[in-house]
Amino acid sequence: MKKILLALILFLPLSIEAIAQGRTISGKVTSKDDGSDLIGVSVIVKGTTIGSNTGVDGSFTVNLPDGSNTLVFSYVGFVKKEVVVGSGTSINVQMESDAKLLKEIVITGYGEQDRKTLTSAISSVSAKEIENIPVASSDQLLQGRAAGVQVNSNSGTPGGGITVRVRGTSSINASSDPLYVVDGIPIQSNNLSNLAIGGGTTSPIADINPADIESMEILKDASATAIYGARAANGVVLITTKRGKEGKTKVSLGAYYGGQKSPNLPGVVDGPTFEKLMNEAAVNSGKPPIYSNPDNTTNTNWGESIFQTGALRNIDLGVSGGNEKIQYLVSGNNFLQEGIIKNTDFKRNSARINLDFYPADKFKIGTSVLYSNTSRARQRNDDNISGSLGGAFFYPSNLPMFQPNGAYTKFSIFENPIAAIKESEISMITNRLLGAFYGEYEFITGLRLRSSFSIDYSNLEENVYDNTFTNSGSGTNGSAQSVMTNDYNWIQENVLSYQFAFNDHSFNTLFGTTLQESEISRTIAWGTQFPSNDFKKIASAAVQRASSTGTSWGIGSLFTRIGYDYKSKYLATINVRRDASSRFGKDNRWGTFPSLALGWVISEEPFFKDKTFVSTLKIRGSYGITGNQSGINDFQAQGLWTGAAYADIPGVGPEQLANPELKWETTKQTDIGVDIGLFNNRINITADYYYKKTEDLLLAVPVPRTSGFNSLVQNFGELENKGFELNINANILELGALKWNTNFNIARNKNKILKLAAPFNVYNRDIFRYEEGGELFSFYLHEQTGVNPETGAPTWTDVNGDGQFKSNIDRKIVGSANPDFFGGITNTLNYKAIDLSFFFQYSYGNEQLNWNRFFLEHGGTRTSQFSTSQLDRWQKPGDQTMVPKMTSANYASDLRPSRFLEDGSYLRLKNITLGYTLPNGLTSRVGISSARVYLSGQNVFTVTNYTGLDPEITATASNTLTQGIEFFSMPQPRVFMGGFNINF
């Protein structure tokens, strides 16, 4: 409807002759948001029908009769404005976009819809909300801004992976990541890195320039997601990029520059304290002190030696415009983020072309093409003790960085932190092409056929070289690894849609088909025994070996949707999708995924008209089924054999058992929601309750060892998620030029394992446990109740009640990484040309395992560094503490004390930005439509009781069965920067 009204304004200009004598007023109308010229603005003399429209350059001329002095400016999507004309004959006017109107249109799967008649649970994030936020990956921009969408940065590694969960985790072994769709293309969003350098991941979403994004919609309930069927059980994130608009050419330039550093350094003791603690442990064990003069020992700060203040730089350039035949947008981006640990960074160079062309009446063709080149300099951190962070934590501070002969100081199995940074080279280079090409023809009014072909191609080159100064390279005279990965996806879709209405009945229907294929190939080469450290390519290695592999999968789909509304009051939406996947057995290849949603706009009823303070009231409900095929092998249903060799004789061997009965995971979801607008929609409230049940989980179920295998992937198990979401958007203050808007959202999700074949433990030392009745990401530890104040020995919960504590028996689930609730708060204030926004993100009730403490709070049983938490140890009778006396009996290696599980709740000032828009009179003199400068801070401060580096990170992100562990992970940086946006 918005587009139709705009077309009427553009092509049916108002032309009214003045009927009274007066003077001629001329001027120009531009957008306050970006300074662009506004075409087709209605300019009317107040109280009359005299007026005109603005032309293609935003200019207008109108005759102002004697006795009149006010002009009224109105334009679709903008706030109506009245301007009193002075004694002059020329005025320039800036119009402000109407946020209420702009939010009415919501992007949905294969279309768009007026939010007033929307029956689904969809959260929207606009470009205005996320512009100039310094993040490498677009999915980070969702953090805290959409109710029910939990977004965690797994670490502060530049270009690192992000965990996104829409209404909880819906699977155990299969993927729980949402489906990402960019301009209609379902893209590859999984970590493609194949280097075994730690538990961290990389984010393919970082290939997309955030400045290109027009909006992001998160489809949450089954009514919204069922149109994507087999891949929608975990929600869908629709990313729509900016496109050209009819009008004169616009040039936009934006840039920011800043620095980032770690808000915290490793919490370890200094050199003298380390030696005193080691002496105390020795004396407590009946041995003489180890160090004779601790106060005069070496004091090395290993943390300071590897951390740095990293640079942050971004430049965006865009050109857009068009006419009635062609609209275009061309953009380019250069981005650099240096890590807060030396020799880490993320660089991106990207270019985009979005083109829409009308070669004939009712016929439209177009394209969206992105090319992105990214590079990453990486370190062995995140769940890896051999990296720079591992060394900075483990190396005792009484050791010097270098030996007298200049060699790196070596300690145990750990890498010298300086050597890890300087002598190991780990890189990843990605070239990505994301392209969509479409044609659309309108047969009759409202009946359109759109056919498209899209590709998503990524080429990755990963290289590792460890020279002879490193632990891994010293014994092999240099060590290198190279990985080449090609990931190619194509998708062809045809969608026939028909929108029509008669009397008070409106219909929105579509029918579509999809074919998609994905192929991935990988070649890995290793080399050792290099002539010298000057030779780094495997071709120079004396010992070489290589391997290659590849796989593919395909999917075919049919889908349809019928939307109906009566007087925009009674609403209904039906979706059905049929998918067939090559990953499943031939008898279970097809899956059907339907949904039904109903809505009632009560505020449209005649009996509601007197409820003046309630502007809008809508209730809605939906039920549907979605599927999941991700996270399993491409040929999981088949029995596979692989090449094998014995005594250099070629042969084959079984790789997996066949399961022809394998089929989709299915998630059934019920949603009940209400949308309320109060006080002429100055306050808008959206609330939802949902229940999701996942059945036929794709699980590795134990099988008899006589089969030759330990497990077989089967459809066995059930899991539920239920919770509520609340979003409140309020225009708190509109007092002249002062405006204050607040957006608050909060969500709670509780998951529960309903059915499992058998309990199982996960990760190093079995610290996670999965069992019926429990939650995902439940920590399985020895529950420490305290420390005996008389003896200093730890006290434990006797789980089985036999009167004695046994470490191999008395373990229990003591907490979960899942928060009780989470969300965000955004405040935006505007006063004339000044704008201020500050955004808080929070999580409450989640446990965070400070796994660093497990190794560094060792009571002297190891020779490695001590955590500062060791200073709270028991020392004398009467001490009240949770840290035991330093003896080997109190720090046994088979103990997993729950004291290392901390409260991970936090409130973080995620972003604060202060901006100033230069006066139009000043910028117009130099040909600039608008200009804004700003200062911004990211991760400015965090309120938390957690004692580690960052309560949000997960070091083991590559293991989807774990969450909420800090283990040698780079914390998120604190960023301060300044920037500008200029429009010509």
Residue ID - nearest to the chain's Cα centre (by Cα), chosen from residues in the range 326-344 that are surrounded by fewer than 21 Cβ atoms within 10 Å (Cβ to Cβ) and of a type outside the set (S, T, N, Q): 336
Pair list, Cβ under 6 Å, 6 or more apart: the range 44-69 residue touching a residue at least 12 places away in the same chain (Cβ under 8 Å) and within 14 Å of residue 23 (Cβ to Cβ), other residue of a type in the set (Ser, Thr, Tyr) and surrounded by fewer than 16 Cβ atoms within 10 Å (Cβ to Cβ): 61/26; 63/24
Among (1) under 28 Å from the mean Cα position of the chain (by Cα); (2) in contact (Cβ under 8 Å) with a residue 12 or more places away in the chain, where does residue 764 come up short? (2)
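Only residues that are under 37 Å from the mean Cα position of the chain (by Cα) and among the charged types (D, E, K, R): list them for the range 895-928, please.
Once the filter is applied, which keeps residues that are under 37 Å from the mean Cα position of the chain (by Cα) and among the charged types (D, E, K, R), the range 895-928 yields 896, 899, 902, 903, 908, 910.
Residues checked against (1) within 23 Å of residue 551 (Cα to Cα); (2) of a type in the set (A, V, I, L, M):
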{"site": "195", "(1), (2)": "yes, yes"}
{"site": "222", "(1), (2)": "no, yes"}
{"site": "228", "(1), (2)": "no, no"}
{"site": "235", "(1), (2)": "no, no"}
{"site": "243", "(1), (2)": "no, no"}
Qualifying residues in the range 617-632 (those that are part of a loop (DSSP other than H, G, I, E, B) and modelled with pLDDT of 80 or more) - the one surrounded by the fewest Cβ atoms within 10 Å (Cβ to Cβ): 630
Please pick out the residue among 968, 976 that is crowded, with 19+ Cβ neighbours inside 10 Å and touching a residue at least 24 places away in the same chain (Cβ under 8 Å). 968
Of (1) at pLDDT 95 or above; (2) assigned to a loop (DSSP other than H, G, I, E, B); (3) over 20 Å from the mean Cα position of the chain (by Cα), residue 940 fails just (3)
Out of 427, 386, 375, which single residue is touching a Lys or Arg at 6+ places or on another chain (Cβ under 7 Å) and at pLDDT below 95? 386
Please note which strands (runs of 3 or more DSSP E) are completely contained in the range 263-367 and include at least 1 residues that are at positive phi and modelled with pLDDT under 95. 310-322
Testing residue 264 on (1) surrounded by fewer than 18 Cβ atoms within 10 Å (Cβ to Cβ); (2) within 23 Å of the chain's Cα centre (by Cα), one condition comes back false. Which one is that? (2)
Answer with yes or no whether residue 781 is in a strand (DSSP E or B), among the hydrophobic types (A, V, I, L, M, F, W, C) and under 16 Å from residue 898 (Cβ atoms). yes
State yes or no: is residue 583 in contact (Cβ under 8 Å) with a residue 40 or more places away in the chain and crowded, with 19+ Cβ neighbours inside 10 Å? yes
Based on this model, can you work out whether residue 227 counts as in contact (Cβ under 8 Å) with a residue 40 or more places away in the chain, touching a Phe, Trp or Tyr at 6+ places or on another chain (Cβ under 7 Å) and either closer than 28 Å to residue 690 by Cβ or crowded, with 18+ Cβ neighbours inside 10 Å (or both)? yes
Would you check which residues across the range 582-605 are over 25 Å from residue 637 (Cα atoms), of a type in the set (Asp, Glu) and outside any helix (DSSP H, G or I) and list them? 605
Kindly indicate whether any position in the range 845-857 is more than 30 Å from residue 31 (Cβ to Cβ), among the aromatic types (Phe, Trp, Tyr) and under 28 Å from the mean Cα position of the chain (by Cα). yes
Residues that are in contact (Cβ under 8 Å) with a residue 12 or more places away in the chain and either within 18 Å of residue 448 (Cβ to Cβ) or in contact with an Asp or Glu (Cβ under 7 Å, 6 or more places away or on another chain) (or both), drawn from the range 107-121: 107, 108, 109, 110, 111, 113, 114, 115, 116, 117, 120, 121
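The values are calculated or read from the model by the stated rules, or taken from the named source; none is laboratory data. Here the structure is a predicted model, which is why all the values come from computation and not from measurement. Glycine also receives a Cβ, built like all others from the backbone with ideal geometry; neighbour counts cover every protein chain displayed.
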